[in-house]
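Report on one structure; see the data block that follows.
The values are calculated or read from the model by the stated rules, or taken from the named source; none is laboratory data. Computed from a prediction, not measured in an experiment: that's the story for all the values here. Counting neighbours? That spans all protein chains shown, and the Cβs are built from the backbone with ideal geometry, glycine included.
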Amino acid sequence: MALPQIKQDATDARLAALDMPQGGWAQPAREDALARVQAMGLPNARDEYWKYTRPDTLVQPDAPKAALLESDEALIFGEVDRLKIVFVDGVFSAEESDDLSMAHVTIDRLADAPDIHWAKDVYGVLETRGQTPVQRPLATLNTAFATDGVLIHVTGKASKPISLIYRHESEVSDAILHHVVKIDSGAEVTLLENGPAAARFNKCMEVEIADGGTFHHVRAQGRDHERRAATAIFTRLGEESVFKSFTLTANGVLTRNECVIELTGDNATAHIAGACVGDGDFHHDDTVFITHDALNCESRQVFKKVLRNGATGVFQGKILVKEGAQKTDGYQISQSLLLDEDSQFLAKPELEIYADDVACSHGSTSGAIDEEGLFYLRSRGIDEGPATDLLTIAFLAEAVMEIEDEGLQDEINSRVEAWLSRRRG
Amino acid sequence: MLEIKNLHVQLEEEDKQILKGVNLTVEAGKVHAIMGPNGSGKSTLSYVLSGKDGYEVTDGSATLDGEDILEMEPEERAAAGVFLAFQYPVEIPGVGNMTFLRTAVNSQRKARGEEEMSATEFLKVIRAKAKDLKIDADMLKRPVNVGFSGGEKKRNEILQMAMLEPKMCILDETDSGLDVDAMKLVADGVNALRDEGRGFLVITHYQRLLDHIKPDVVHIMADGRIIKTGGPELALEVENNGYADLLAEAV
């Protein structure tokens, strides 16, 4: 079916501005992705899942300019013992990165991986699976045109987290990175991500978790006010495997974080959580799709947004329980704390259930600071500003607690505290 | 210490007068009790003194050591030495009890220009005080009042009072929802804080709390005024005869 002209034109303009990296094992996947993105077209405001988030600045040929954040604050995860991999405006920096060797883990780069590579069984494969029933063309574009990324194969328990650091140095950079993580049976790894990456960042990550594998993911998206990001995670979970992902977003004019989770092995667990704090020109969108396709799996979606001065939060979360996915335990909560009357939160929770022995709950709320709680704190001598901060951190706690490692929880909380106290001036 | 003169208060949202000229002076070192039937304005008085929103003072004054407290923000009143033990302590999910208390102690110290308490010192002090109130380490770690039983919440109020060492302690129906043992524990906590430099205003429906916290002065409040003031025997009179006689007398 032909695309509407307006969509065709926008897609053509974007594709014309990109060069596909040539050669290597990823070539067929890239070409397949190009054909797919040409067929589906890039998103526009008329698309069902882009109703609340305008995709035009993510689709236009050039990245809108984004000023660099001036801050002398130390970067997050600075205290964590980790293997650092640094990208500057989407370009790998060997100088700033650690040696990529680690026990039980092999790390290659998409840009220079050898011609025959394990990643070809995952690259673009999970992304393709994640296109049904909802299309995610920006991820497909990513598969076709990603310039680099890391290919992480975990064969045992990684001794320390792998930390992807995305620095932003050019005001007009347009970065496209694609990561693949493959976790073998019983293996375990923690992946950290932080930084703005570029003026505009398109990132796709595919995570294949074999039976009994465990993947922890903690991310703090960059604080540059004008940066834009469209990210997507596609994951498939085997039997008794675990996927836990948490994202903190503070600032950024536009962020769209998609996550597509497929529970395909029995007794698997998937938790996806996000906390965001937005002030003013801030639009943050979490779009999640979880498919239960096995017995006795558990999924949790916990999203909390603190919004003020006209900031906008969006949550689109779906749980699909397929026929036969009995004993599913699905939980979904999305809440916003609106610190004034100018901010807004748009939520679209969806459940689609074809099995008859499942427990699925969902809830979505919007509210202001609890006046009773605020008075209680103030009556004990805590000033209104810090008391409001305490209640704000408390509001985010359910999401932050989804991070298993307490040290990483503290890292996230201290970032939120710093953000709040900066806002108070 | 606490001096309330001709205090008139109405609800901000509606034109309804709650306090209609309260006069009351609590001296340092004394325990005053206020008793009275439902709706007499006892809790309103405690909220107005601690600075809760929603009330408008239309006349009169309240001072602590000569300072007008009605003009102060709630946190300033706290730093000046006012403490309200809530009838319904508020649950604050996500904020650890310990974090909350340390923030409160240090905020007040900072406001008074005193040095903040170090983490170690704070821990030492709170452990000792918590032990006296039979508050275990788990309760200190849990979010403020979340999942606490009625008795635990009230004990937690007294713990806060013990840590903050206020000059003027206002207890709003601290006995409500307590069994006999819990009441004894709370009363012991309060009695331990009785001190020459500290005043207490104990609001209660019933005389039984006053068996444990012996008041120096008892006031009866009805329809927004103090209608009778006397010694501890007044509380016994209420216990035996109810408020009806006193109310009839006042008309």
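Tabulated results
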quantity	calculated
Subset of region A:231-250 (residues that are within 19 Å of A:ARG129 (Cβ to Cβ) and in a strand (DSSP E or B))	A:THR231, A:ALA232, A:ILE233, A:PHE234, A:THR235, A:ARG236, A:LEU237, A:PHE243, A:SER245
Residue selected from region B:218-251 under the condition surrounded by fewer than 19 Cβ atoms within 10 Å (Cβ to Cβ) and hydrophobic (A, V, I, L, M, F, W, C), by the criterion nearest to B:MET168 (Cα to Cα)	B:ILE227
Residues (of a type outside the set (Phe, Trp, Tyr), over 18 Å from A:VAL416 (Cβ atoms) and crowded, with 23+ Cβ neighbours inside 10 Å) located in region A:221-244	A:ARG227, A:ARG228, A:ALA229, A:ALA230, A:THR231, A:ALA232, A:ILE233, A:THR235, A:ARG236, A:LEU237, A:SER241
Filter result (under 19 Å from the mean Cα position of the chain (by Cα) and exposed (fewer than 14 other Cβ atoms within 10 Å of the Cβ)) within region B:38-59	B:ASN38, B:GLY39, B:ASP53, B:GLY54
Selection count where residues are farther than 16 Å from B:GLN10 by Cβ and part of a loop (DSSP other than H, G, I, E, B), scope region B:24-50	7
In region B:216-234, the residues that are of a type in the set (A, V, I, L, M) and within 20 Å of the chain's Cα centre (by Cα)	B:VAL217, B:VAL218, B:ILE220, B:MET221, B:ALA222, B:ILE226
Region B:68-78, residues that are within 20 Å of B:HIS8 (Cβ to Cβ) and either more than 14 Å from every other protein chain (Cβ to nearest Cβ) or not in a helix (DSSP H, G or I) (or both)	B:ASP68, B:ILE69, B:LEU70, B:GLU71, B:MET72
Any hit, region B:213-232, residues being out of contact with any helix residue (DSSP H, G or I) (no Cβ under 8 Å at 6 or more places or on another chain), of a type in the set (Ser, Thr, Tyr), at pLDDT 90 or above and at negative phi	yes
Residue list for region B:22-37, restricted to those being surrounded by fewer than 16 Cβ atoms within 10 Å (Cβ to Cβ) and touching a residue at least 40 places away in the same chain (Cβ under 8 Å)	B:ASN23, B:GLU27, B:ALA28, B:GLY29
Residue count, region A:291-340 (criterion: polar (S, T, N, Q) and out of contact with any strand residue (DSSP E or B) (no Cβ under 6 Å at 6 or more places or on another chain))	2
Enumeration of residues in region A:262-277 that are surrounded by 24 or more Cβ atoms within 10 Å (Cβ to Cβ), part of a strand (DSSP E or B) and more than 16 Å from the chain's Cα centre (by Cα)	A:LEU263
Region B:93-122, subset more than 14 Å from chain A (Cβ to nearest Cβ) and touching a residue at least 12 places away in the same chain (Cβ under 8 Å), residue surrounded by the most Cβ atoms within 10 Å (Cβ to Cβ)	B:PHE122
Filter result (modelled with pLDDT of 95 or more, over 11 Å from A:PRO43 (Cα atoms) and acidic (Asp, Glu)) within region A:54-70	A:ASP62
Flag for A:ASP286 being touching a residue at least 24 places away in the same chain (Cβ under 8 Å), crowded, with 24+ Cβ neighbours inside 10 Å and among the acidic types (Asp, Glu)	yes
Hits in region A:375-399 - residues which are over 30 Å from B:LYS167 (Cβ atoms), among the aliphatic types (A, V, I, L, M) and more than 7 Å from every other protein chain (Cβ to nearest Cβ)	A:LEU396, A:ALA399
Of all residues in region A:43-88 being closer than 30 Å to A:GLN409 by Cβ and among the acidic types (Asp, Glu), the one that is surrounded by the fewest Cβ atoms within 10 Å (Cβ to Cβ)	A:ASP72
Boolean, B:VAL90 is at the interface with chain A (Cβ under 8 Å from one of its Cβ atoms), within 19 Å of A:PRO386 (Cβ to Cβ) and within 17 Å of the chain's Cα centre (by Cα)	yes
A:ILE403 vs. criteria free of Cβ contacts under 8 Å to residues at least 12 places away in the same chain, surrounded by 21 or more Cβ atoms within 10 Å (Cβ to Cβ) and not in a helix (DSSP H, G or I)	no
Test: residue in region A:30-49 that is in contact with a strand residue (DSSP E or B) (Cβ under 9 Å, 6 or more places away or on another chain) and outside any loop (DSSP other than H, G, I, E, B)	yes
Matching entry among A:THR312, A:THR365, A:THR291 (being within 14 Å of chain B (Cβ to nearest Cβ) and touching a Ser or Thr at 6+ places or on another chain (Cβ under 9 Å))	A:THR365
Subset of region A:397-425 [at pLDDT 90 or above and hydroxyl-bearing (Ser, Thr, Tyr)]	A:SER414
Residue satisfying condition, being within 10 Å of chain B (Cβ to nearest Cβ), at negative phi and out of contact with any helix residue (DSSP H, G or I) (no Cβ under 7 Å at 6 or more places or on another chain), within set A:GLU323, A:GLU372, A:GLU350, A:GLU402	A:GLU372
Region A:192-202 - residue that is in a strand (DSSP E or B) and more than 17 Å from A:GLY78 (Cβ to Cβ) and, of those, farthest from the chain's Cα centre (by Cα)	A:ARG200
From the options A:LYS327, A:LYS305, A:LYS348, residue that is of a type in the set (Lys, Arg) and outside any strand (DSSP E or B)	A:LYS327
Evaluation of B:LEU201 against (1) modelled with pLDDT of 90 or more; (2) buried (at least 21 other Cβ atoms within 10 Å of the Cβ); (3) over 14 Å from B:ALA33 (Cα atoms) (one fails), failing number	(3)
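This table checks each residue for (1) closer than 16 Å to A:HIS178 by Cα; (2) in a loop (DSSP other than H, G, I, E, B); (3) touching a Leu at 6+ places or on another chain (Cβ under 6 Å).
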| site | (1), (2), (3) |
| --- | --- |
| A:THR57 | no, no, no |
| A:ASP62 | no, yes, no |
| A:LYS65 | no, yes, no |
| A:PHE92 | yes, no, no |
| A:ASP108 | yes, no, yes |
| A:LYS120 | yes, no, no |
| A:TYR123 | yes, yes, no |
